[in-house]
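A.B. asks: I have a structure I would like to understand better, so I am pasting it below and will then ask my questions one at a time.
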Amino acid sequence: MGRMPMIAGNWKMFKTPTEAVELVSAIADLLRDVPEVTAAAEAVVCPPFVDLKPVATEIESGGANVKLAAQNVHWEQEGAFTGEVSVPMLADIGCDYCIVGHSERREMFGETDETVNKKVKALLAGGITPIVCCGETLAIRDAGEAEAFVRGQIRGALDGLSAEEVVGTVIAYEPIWAIGTGLTPTRDEANDVCRSIRATVGALLGQPIALQVRVLYGGSAKPDNIAMFMSEPDIDGALVGGAALNAESFVSMLTTARDYA
Ligand code: PGA
């Protein structure tokens with residue numbers, strides 16, 4: 001359906017500004033000579049807040065087609081919110097995307113479907129595309145509730161949004177038990193949930209939107225298993241943690257993803 005594959009590297013709380021510039025420069029070095037890869041598959045890096053500006057500058061000078069994403073945002077435009085960062089700040093730096101509702105933020109920093117929804121609305125209003133994360137715990141999966149749980153998260157995240165607003169939004173299905181553990185769902189298990197996510201978007205906003213929304217898989221995705229996920233019809237790419245902290249491994253995944261464009 002013309003959905004461009006995406007590999008998004010979630011750097012989490014890794015890389016100082018100096019190290020972040022080194023990593024994105026290494027990625028740009030590898031990609032500069034293969035423009036056909038980034039023409040067909042989208043490379044996204046998601047560094048910590050303090051790294052965004054130096055990484056943006058490095059991307060600009062590096063001559064490679066790499067997109068920039070933040071890992072979080074506040075929903076207000078500005079105000080007395082010590083320690084928070086707003087959409088206009090990210091837009092000024094040149095962020096294309098922003099991760100919202102990562103399970104680590106839901107578990108450790110009190111993020112809820114309601115705050116995810118506020119952040120999604122603020123991002124879309126400010127011209128930044130949200131990468132909305134969802135995913136179940138092992139207990140929920142073992143209870144046979146994974147799809148119902150994730151559908152609820154998606155309804156919450158997209159509540160009150162119009163089809164026009166949601167066009168192009170990215171959703172990342174990340175089973176919590178697969179994140180950083182080396183465990184992964186089978187290809188069928190992963191695709192079943194991704195298909196269910198797409199069906200939920202279709203029920204809320206119409207089938208044309210569902211067919212345009214990209215759904216990524218995340219959780220121990222790496223060069224060795226990316227082809228398995230990419231070959232599934234409802235999986236359009238991956239949100240990658242550990243394996244994205246190395247330039248060769250990130251570019252290898254991107255190169256594989258491109259084969260599924
Ligand atoms: P992982 O992390 O690839 O290290 O499992 C994925 C994520 O949390 O986005």
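A.B. asks: (1) within 15 Å of the ligand (Cβ to nearest atom); (2) open to solvent by 30 Å² or more (accessible area, probe 1.4 Å); (3) in contact (Cβ under 8 Å) with a residue 12 or more places away in the chain: which one isn't true of Ala261, the others all being true?
C.D. replies: Among (1) within 15 Å of the ligand (Cβ to nearest atom); (2) open to solvent by 30 Å² or more (accessible area, probe 1.4 Å); (3) in contact (Cβ under 8 Å) with a residue 12 or more places away in the chain, Ala261 violates only (1).
A.B. asks: Another one. I need the full set of residues from the range 91-109 which are among the hydrophobic types (A, V, I, L, M, F, W, C), crowded, with 19+ Cβ neighbours inside 10 Å and free of Cβ contacts under 8 Å to residues at least 60 places away in the same chain, in order please.
C.D. replies: Within the range 91-109, Cys95, Cys98, Val100 qualify.
A.B. asks: Then there is this: Counting just the residues of the range 71-80 that are in contact with a helix residue (DSSP H, G or I) (Cβ under 8 Å, 6 or more places away or on another chain) and open to solvent by 40 Å² or more (accessible area, probe 1.4 Å), which one comes out farthest from Met253 (Cα to Cα)? First the steps, then the outcome.
C.D. replies: Going residue by residue through the range 71-80, those that are in contact with a helix residue (DSSP H, G or I) (Cβ under 8 Å, 6 or more places away or on another chain) are 71-78.
If we keep only those that are open to solvent by 40 Å² or more (accessible area, probe 1.4 Å) as well, we get 71, 75-78.
On the way: Gln71: 20, Trp75: 32, Glu76: 35, Gln77: 35, Glu78: 37 Å.
Here the residue is Glu78.
A.B. asks: Here is a follow-up. So Cys194 ticks every box in (1) more than 21 Å from Leu138 (Cβ to Cβ); (2) assigned to a helix (DSSP H, G or I) but one. Which box is left unticked?
C.D. replies: Of everything listed in (1) more than 21 Å from Leu138 (Cβ to Cβ); (2) assigned to a helix (DSSP H, G or I), Cys194 misses just condition (1).
A.B. asks: Something else: So which residues in the range 200-244 are more than 14 Å from the ligand (Cβ to nearest atom), assigned to a helix (DSSP H, G or I), touching a residue at least 40 places away in the same chain (Cβ under 8 Å) and open to solvent by 40 Å² or more (accessible area, probe 1.4 Å), if there are any at all?
C.D. replies: Residues satisfying the conditions are Leu204, Pro208, Leu211, Gln212, Met228.
A.B. asks: Give the range 245-255 a look and list any residue that's away from the ligand (no atom under 15 Å from the Cβ) and either among the hydrophobic types (A, V, I, L, M, F, W, C) or buried (at least 17 other Cβ atoms within 10 Å of the Cβ) (or both), or say none.
C.D. replies: The answer is Ala247, Val251, Thr255.
A.B. asks: Being touching a strand residue (DSSP E or B) at 6+ places or on another chain (Cβ under 7 Å) and not in a helix (DSSP H, G or I) is the filter here; which residues of the range 138-178 pass it?
C.D. replies: Gly168, Thr169, Val170, Ile171, Ala172, Tyr173, Glu174
A.B. asks: So the check is Cβ under 6 Å with 6+ separation or different chains; which pairs have a first residue in the range 110-132 that's free of Cβ contacts under 8 Å to residues at least 12 places away in the same chain and a second one that's not β-branched (Val, Ile, Thr)?
C.D. replies: Pairs that qualify, where the first residue is free of Cβ contacts under 8 Å to residues at least 12 places away in the same chain and the partner is not β-branched (Val, Ile, Thr), are Glu111/Gly101; Glu111/Arg105.
A.B. asks: Taking the range 28-51 on its own, how many of its residues are part of a helix (DSSP H, G or I) and either in contact with a strand residue (DSSP E or B) (Cβ under 6 Å, 6 or more places away or on another chain) or aromatic (Phe, Trp, Tyr) (or both)?
C.D. replies: The number of residues fulfilling the criteria is 1.
A.B. asks: Scan the range 1-39 residue by residue and report those that are within 16 Å of the ligand (Cβ to nearest atom), open to solvent by 60 Å² or more (accessible area, probe 1.4 Å) and closer than 21 Å to Gly237 by Cβ.
C.D. replies: Correct list: Phe14 only.
A.B. asks: Which of the residues that make up the range 164-185 are small (Gly, Ala, Ser) and modelled with pLDDT under 95?
C.D. replies: Once the filter is applied, which keeps residues that are small (Gly, Ala, Ser) and modelled with pLDDT under 95, the range 164-185 yields only Gly168.
A.B. asks: What do you reckon, is Gly83 farther than 17 Å from Ala125 by Cβ and open to solvent by 70 Å² or more (accessible area, probe 1.4 Å)?
C.D. replies: It is true that Gly83 is farther than 17 Å from Ala125 by Cβ and open to solvent by 70 Å² or more (accessible area, probe 1.4 Å).
A.B. asks: Now for a separate question. Filter the range 40-70 down to residues that are more than 16 Å from Ile7 (Cβ to Cβ) and in contact with a Cys (Cβ under 9 Å, 6 or more places away or on another chain) and give me whichever is surrounded by the fewest Cβ atoms within 10 Å (Cβ to Cβ).
C.D. replies: Ala56
A.B. asks: Here's something else I'd like to know. So, Val87, is that one at pLDDT 95 or above and in contact with a Lys or Arg (Cβ under 6 Å, 6 or more places away or on another chain) or not?
C.D. replies: In short, no.
The values are calculated or read from the model by the stated rules, or taken from the named source; none is laboratory data. As the structure is a computational prediction, the values presented were derived from the model and not from experiment. Note: ideal-geometry Cβ built from the backbone for every residue, glycine included; neighbour counts use all protein chains shown. Surface areas here come from the heavy atoms of the whole protein model, side chains and all, with no ligands, DNA or RNA. Shrake-Rupley method; radii C 1.70, N 1.55, O 1.52, S 1.80 Å.
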